Amino acid sequence: MPDIDRKIRLLMQLRREGITDTAVLRAIETVPRERFVPEALRTQAYDNLPLPIKQGQTISQPYVVAFMTEKLALKERMKVLEIGTGSGYQAAVLAQICRRVYTIERHRGLYLDSRKMFDELGLHSIVTLHGDGMKGWPQQAPFDRIIVTAAAFGQVPDALTEQLAPGGLMLIPVGDSSGQQIVRVTRHEDGTIGKENILPVRFVPLVSGMPSGS
């Protein structure tokens, strides 16, 4: 089956599962997911499944990417921080909708591969950093939106909450191997913080520090 047919099938499935934001669906349609998966798995690029990538990481299931992107309630001029670049696919989807995406990856190989892919696809609104995502990117804060693509153990890192702009939102998986939930964190205009669980998920762990050899 050609990629275009697989992509159409995926978009129809996402609509059936409740993804209704036309900007999100257009972004999923625009970004070539096959470029972000290992060559041996490219025939599965438009299956609604997570797939393994380098460094023991994964490229998230398209539904989860679309769901999280939709729940961010993005607007064109927003500044977004992503923790965990991974393959680069989620950042590429975000870049179709908002003004600037800042993305952090702790694994140097993934950082280099994703940066190369962004250049090849002309995604010049994505700014990359090889660093510890648990610390966020204070030099570029505050952010209108933060999205974390690895699961925090126990609680949301304070460093990330502090980098949210007033009125800002963060989506972050929280939990362990026994269960995780995407938590939506809101920094209200008065500075108070609200939290709600919105979807059970399974992500790789959010790890502090840098891998050896980085």
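The values are calculated or read from the model by the stated rules, or taken from the named source; none is laboratory data. This one's a predicted model, so the numbers in the text were calculated from it and none came from an experiment. Here the Cβ is made from the backbone with ideal geometry for all residues, glycine too, and neighbour counts use every protein chain on show.
Do we have any residue at all in the range 174-185 that's modelled with pLDDT of 95 or more and assigned to a loop (DSSP other than H, G, I, E, B)?
No, there is no match, as no residue in the range 174-185 is modelled with pLDDT of 95 or more and assigned to a loop (DSSP other than H, G, I, E, B).
Here is a check on your reading of the model: is I19 over 14 Å from the mean Cα position of the chain (by Cα), surrounded by 17 or more Cβ atoms within 10 Å (Cβ to Cβ), farther than 25 Å from G168 by Cβ and not small (G, A, S)?
On the way: over 14 Å from the mean Cα position of the chain (by Cα): yes; surrounded by 17 or more Cβ atoms within 10 Å (Cβ to Cβ): yes; farther than 25 Å from G168 by Cβ: no; not small (G, A, S): yes.
So I19 does not fit the description; no.
Given the options K54, K71, K79, K75, name the one that is under 27 Å from P38 (Cβ atoms) and not β-branched (V, I, T).
K54
Answer yes or no as to whether M12 is farther than 28 Å from E105 by Cα and modelled with pLDDT under 95.
Working: farther than 28 Å from E105 by Cα: yes; modelled with pLDDT under 95: no.
No: the conditions fail for M12.
Looking at V64 and the list (1) under 25 Å from L199 (Cα atoms); (2) touching a strand residue (DSSP E or B) at 6+ places or on another chain (Cβ under 7 Å); (3) not in a helix (DSSP H, G or I), which single condition is not satisfied?
V64 satisfies all of (1) under 25 Å from L199 (Cα atoms); (2) touching a strand residue (DSSP E or B) at 6+ places or on another chain (Cβ under 7 Å); (3) not in a helix (DSSP H, G or I) except (3).
So in the range 106-132, with the set limited to residues that are within 15 Å of the chain's Cα centre (by Cα) and more than 28 Å from D21 (Cα to Cα), which one is surrounded by the most Cβ atoms within 10 Å (Cβ to Cβ)?
Residue satisfying both the conditions and the ranking: R106.
Take T103 and tell me if it is polar (S, T, N, Q), over 17 Å from L10 (Cα atoms) and either part of a helix (DSSP H, G or I) or modelled with pLDDT of 95 or more (or both). Working first, answer last.
Working: polar (S, T, N, Q): yes; over 17 Å from L10 (Cα atoms): yes; either part of a helix (DSSP H, G or I) or modelled with pLDDT of 95 or more (or both): yes.
Against the criterion (polar (S, T, N, Q), over 17 Å from L10 (Cα atoms) and either part of a helix (DSSP H, G or I) or modelled with pLDDT of 95 or more (or both)), T103 qualifies.
Given the structure, is V31 farther than 27 Å from Q163 by Cα, modelled with pLDDT of 95 or more, under 15 Å from the mean Cα position of the chain (by Cα) and of a type in the set (A, V, I, L, M, F, W, C)?
Numbers: farther than 27 Å from Q163 by Cα: yes; modelled with pLDDT of 95 or more: yes; under 15 Å from the mean Cα position of the chain (by Cα): yes; of a type in the set (A, V, I, L, M, F, W, C): yes.
It is true that V31 is farther than 27 Å from Q163 by Cα, modelled with pLDDT of 95 or more, under 15 Å from the mean Cα position of the chain (by Cα) and of a type in the set (A, V, I, L, M, F, W, C).
Residues to consider are Y102, Y89, Y63, Y46; find the one that is buried (at least 16 other Cβ atoms within 10 Å of the Cβ) and more than 24 Å from A151 (Cβ to Cβ).
One residue alone meets the criteria, Y46.
Checking Q163 against (1) polar (S, T, N, Q); (2) at pLDDT below 95; (3) more than 23 Å from K54 (Cα to Cα), which test does it fail?
Only one criterion is unmet by Q163, namely (2).
Tell me which residues, restricted to the range 146-172, are of a type outside the set (A, V, I, L, M) and either within 21 Å of M78 (Cβ to Cβ) or in a loop (DSSP other than H, G, I, E, B) (or both).
Passing the criteria: T149, F153, G154, Q155, P157, T161, E162, Q163, P166, G167, G168.
Quick check on L41: is it outside any loop (DSSP other than H, G, I, E, B), in contact with a Lys or Arg (Cβ under 7 Å, 6 or more places away or on another chain) and more than 25 Å from L169 (Cβ to Cβ)?
Answer is no for this residue.
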